[in-house]
Ligand code: FES
């Protein structure tokens, strides 16, 4: 028999420690059991716990490893002083959209189109102009609130951008707008 060793197992809601005197033993927390032997650690049920706590690649759905087609981008890539442009897809129809982050974890998205002249994009490719927390159209200076897209000044004053629903899940941003079923990023 060896000197005792202290083994700790932590789950989201519980941490359990035990002194073990034998060459092998079990320590459990919640429904996870860590079984070990001194000559070579052996993990049994803890395999599942490790899988749950290992960060998945961005945009990957749990648990099958498939990439979620509605994945947009890592939250960290959505700027607050500009916009991120991507393409929302519905069947064979595509719509260019822009996203902006507000605070640390709030993201808003709109169709990339100025209500004054819908063929004019607010983000022509290198980011929309953000000034005083408003999106400013580079063509004739219309200004839009960053939340609901309401136009506060310019030739389309009183109109609003077409808002697109997105959601933040963990460290990633996904489309949640029912009008679309996938999102593509320009390369
Ligand atoms: S096209 Fe945007 S303000 Fe005229």
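From the residues in segment 144-159 that are surrounded by 15 or more Cβ atoms within 10 Å (Cβ to Cβ) and more than 9 Å from the ligand (Cβ to nearest atom), which one is nearest to residue 103 (Cα to Cα)? Write out each step before concluding.
So in segment 144-159, the residues surrounded by 15 or more Cβ atoms within 10 Å (Cβ to Cβ) come out as 144-146, 149-151, 154-156, 159.
In the following step, the residues that additionally are more than 9 Å from the ligand (Cβ to nearest atom) were identified as 144-146, 149-150, 159.
Details: 144: 18, 145: 15, 146: 12, 149: 17, 150: 19, 159: 25 Å.
Out of the qualifying residues, it is 146.
Provide a single number: the residues in segment 168-184 that are without any contact (Cβ under 8 Å) to a residue 24 or more places away in the chain and part of a strand (DSSP E or B).
Going through segment 168-184 one residue at a time, the tally reaches 1.
For segment 121-142, give me the residue count where each residue is within 24 Å of the chain's Cα centre (by Cα), part of a loop (DSSP other than H, G, I, E, B) and either near the ligand (Cβ under 10 Å from one of its atoms) or under 12 Å from residue 161 (Cβ atoms) (or both).
Of the residues in segment 121-142, 3 are within 24 Å of the chain's Cα centre (by Cα), part of a loop (DSSP other than H, G, I, E, B) and either near the ligand (Cβ under 10 Å from one of its atoms) or under 12 Å from residue 161 (Cβ atoms) (or both).
Filter segment 106-120 down to residues that are assigned to a loop (DSSP other than H, G, I, E, B) and farther than 13 Å from residue 159 by Cβ and give me whichever is farthest from the ligand (Cβ to nearest atom).
112
Need pairs with beta-carbon distance below 7 Å; first residue assigned by TED's automatic domain parsing to the domain that holds residue 81 and over 19 Å from residue 77 (Cβ atoms) and within segment 126-140, second away from the ligand (no atom under 14 Å from the Cβ) and not in a loop (DSSP other than H, G, I, E, B); sequence gap 6+ or separate chains.
134/145
Could you tell me how many of the residues in segment 131-181 are more than 17 Å from residue 118 (Cα to Cα) and out of contact with any strand residue (DSSP E or B) (no Cβ under 7 Å at 6 or more places or on another chain)?
Number of matching residues: 7.
Take segment 85-105 and flag every residue that is assigned to a strand (DSSP E or B) and closer than 20 Å to residue 132 by Cβ.
98, 99, 100, 101, 102, listed by residue number.
Any residue at all in segment 142-165 that's in the same structural domain as residue 94 (by TED's automatic domain parsing) and in contact with a helix residue (DSSP H, G or I) (Cβ under 9 Å, 6 or more places away or on another chain)?
Of the residues in segment 142-165, the ones in the same structural domain as residue 94 (by TED's automatic domain parsing) are 142-165.
Still in the list and also in contact with a helix residue (DSSP H, G or I) (Cβ under 9 Å, 6 or more places away or on another chain): none.
Looking through segment 142-165, none of the residues is in the same structural domain as residue 94 (by TED's automatic domain parsing) and in contact with a helix residue (DSSP H, G or I) (Cβ under 9 Å, 6 or more places away or on another chain).
Would it be correct to say that residue 128 is surrounded by fewer than 13 Cβ atoms within 10 Å (Cβ to Cβ) and touching a strand residue (DSSP E or B) at 6+ places or on another chain (Cβ under 8 Å)?
It is false that residue 128 is surrounded by fewer than 13 Cβ atoms within 10 Å (Cβ to Cβ) and touching a strand residue (DSSP E or B) at 6+ places or on another chain (Cβ under 8 Å).
The values are calculated or read from the model by the stated rules, or taken from the named source; none is laboratory data. Bear in mind that the values here come from a model prediction, so they are computed numbers and not experimental data. In this analysis, Cβ positions are derived from the backbone assuming ideal geometry, glycine residues included, and neighbour counts consider all displayed protein chains.
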